[in-house]
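The values are calculated or read from the model by the stated rules, or taken from the named source; none is laboratory data. None of the values given here were measured: they were computed from a predicted structure. So basically every Cβ, Gly included, is an ideal-geometry build from the backbone, and we count neighbours across all protein chains shown. All accessible areas refer to the heavy atoms of the entire protein, side chains included, with ligands and DNA or RNA removed. Shrake-Rupley method; radii C 1.70, N 1.55, O 1.52, S 1.80 Å.
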Amino acid sequence: RSPEEDEEEEEVEVGWQEKLFSQFEVELYGRESSCQTPLDRRYREDILKLEKAGGRKNCRIFTYTDHDRFTDLEEYCQKVTDSEHEVPSYLAERMASVRRRRQEHRPAEGSSLKSKIITWEPSEEFIKNNHVLNTPVQTMYIMGDLGPYGKLGHREYEHVLCTIKVDGNGVITVKPDFNGTKRPYWVKLDGEKQEVWKYTIEDASVQVQPEQEEREQSVFRDLYRRHKEYLSGLVGSEFEMPVPGTLRLFVNGEIVSAQGYEYDNLCVHFFLELPSQWSSPASQQLSGVTQICATKTVGREDVAYFCYLFTLDMILTQGDESEDSFPQWPVLYFEVLSLDLWQRCRAEGYGALVLPASPGSYRFTIPTWRPVELGTVAELRRFFIGGSPELEDITYTRIPSTFKGERLSRLGFRTQSTGSITIQLHCLQQARAFLESSTLRQRMQSVLDRLGGFSQQSSVYNVLEAFQRARRRMQEARDSLPQDLISTSASTL
């Protein structure tokens, strides 16, 4: 290698969509017969002007802008891997001709109202254009001619040094990224000499002056303020405030899945029971049925994913608080059914869930059971013709709403544990007491306290939850002990 070849170094400052010609393009557009398009003829004129001005300043570094043919070919020939034997898939071939760039057309004002919602006979071009992300993108490539010293202008020695893309949302993508404090990038050439080229990419943009930055921030603030006023105008300021002494409960729920059941093709029937002091708007539906969903095997269980959404709206009217009368919280009841190909319906399980008393997001797994009959005939009837014992009153899953006694006995009632239901709830609460007592937030320990009443029920709920947690810990500790130690302790007692 010659001294000039060893010390060869070039630095070029490139602007966005700035065209720097390569040696190959200078020779190509220098011939008038090679110029076929208006862009080629414009490039020829630019090259002639550069030659009159003393020639081009760049040597090895040049660019391809968004209008060059190289940009189209580069996007068309992109590969997923670096294998030389990669064959493009059917989807890649079909989508390669769909350009996501330079879409300057805009729909005419009011055309959205006249456009068809459904296209009954879509054309092939319509299908291709609507099956890809249709974001306008402009692309620019910074190239390097890494040919032998003194022999520039060969296409096989052109390498992409940097790709810059700007989409319609204003996002700039630079690949590879600016070096900064990182090491230079390397390009290793194949051949006898095994040449290695190093290059760095730096951001040479002019720093924004403080006055311009402040002006830009003021424009952004004005834009955000106008957008906020626009959204406020859409939403409005007339909100329905709850009546004093009442609590409004919103529940956005989702029946996620059901798992562990005997038969396939499941559906879930649910309804909401409103105790006394609770009411709901006339338009509120208090029951619903999911779609029939086939199960899939996940691990060791068969799971049916419903993803069924529902909304509940309830109002609690505050009454007189007394020691003997606690307001009950609404309860969700569930009934899991199966329906097979022969329209045989079977009851798979019953479950219940008390709605959470505090706002927030919750996820519950509700175990279920079903009533059974003794004997083989009942199971044969269930298997061959469907039908099974069902509850006439689904509230019997907990304490029936019609029960007025002091003790409820279920002795003799036979059930069988079945699967479980997974449900997700997002609870919101609205009350005038929240607004009136906003200055006393440190005293707000629960929703019942915020309403100024029902503190006794809150205490009972807290005690019951603490008791359940302690009982679970004791059971886990007992299960972890050796069996011989448990039996010895029992005999000693």
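Worth a mention:
- Solvent-accessible area assigned to carbon and sulfur over the stretch 356-403 amounts to 60 percent, based on a 1.4 Å probe.
- Over all directions, the projected convex hull of the C-alpha atoms in the stretch 295-430 averages 11.9 nm² in area.
- Rounded accessible area per residue of the stretch 163-226, 1.4 Å, Å²: 88
- The stretch 165-210: translational diffusion in µm²/s, Stokes-Einstein, Kirkwood Rh over Cα pairs, 10 °C, 1.306 mPa s: 117
- Sorting 203, 40, 72 by solvent-accessible area of protein heavy atoms yields 203, 72, 40, largest first, with a 1.4 Å probe.
- Heavy-atom accessible surface of the stretch 201-283: percent carbon and sulfur, 1.4 Å: 54
- Here the gap between residue 194 and residue 218, fully extended at 0.36 nm per residue and compared with their Cα-Cα distance, gives a gain of 3.2 nm.
- When 120, 197, 186, 329 are compared by accessible area of protein heavy atoms, the largest-first order is 120, 186, 197, 329, using a 1.4 Å probe.
- Treating each Cα of the stretch 185-251 as an identical point scatterer and summing with the Debye formula, the log10 of I(q)/I(0) at q = 0.11, 0.14, 0.17 Å⁻¹ comes to -0.68, -0.77, -0.87.
- Probe 1.4 Å, protein heavy atoms only - accessible area per residue of the stretch 25-75 in square angstrom: 61
- Too-long pairs where the Cα-Cα distance tops 22 Å, listed order kept, from 19/188; 57/151; 57/193; 19/175: 19/188; 57/193
- Hydrodynamic radius by Kirkwood, which averages 1/r over all alpha carbon pairs of the stretch 231-355, in angstrom: 17.3
- Neighbour cut-off at most 16 other Cβ (10 Å), DSSP loop, chymotrypsin sites (Phe, Trp or Tyr not before Pro), the stretch 230-304: 239
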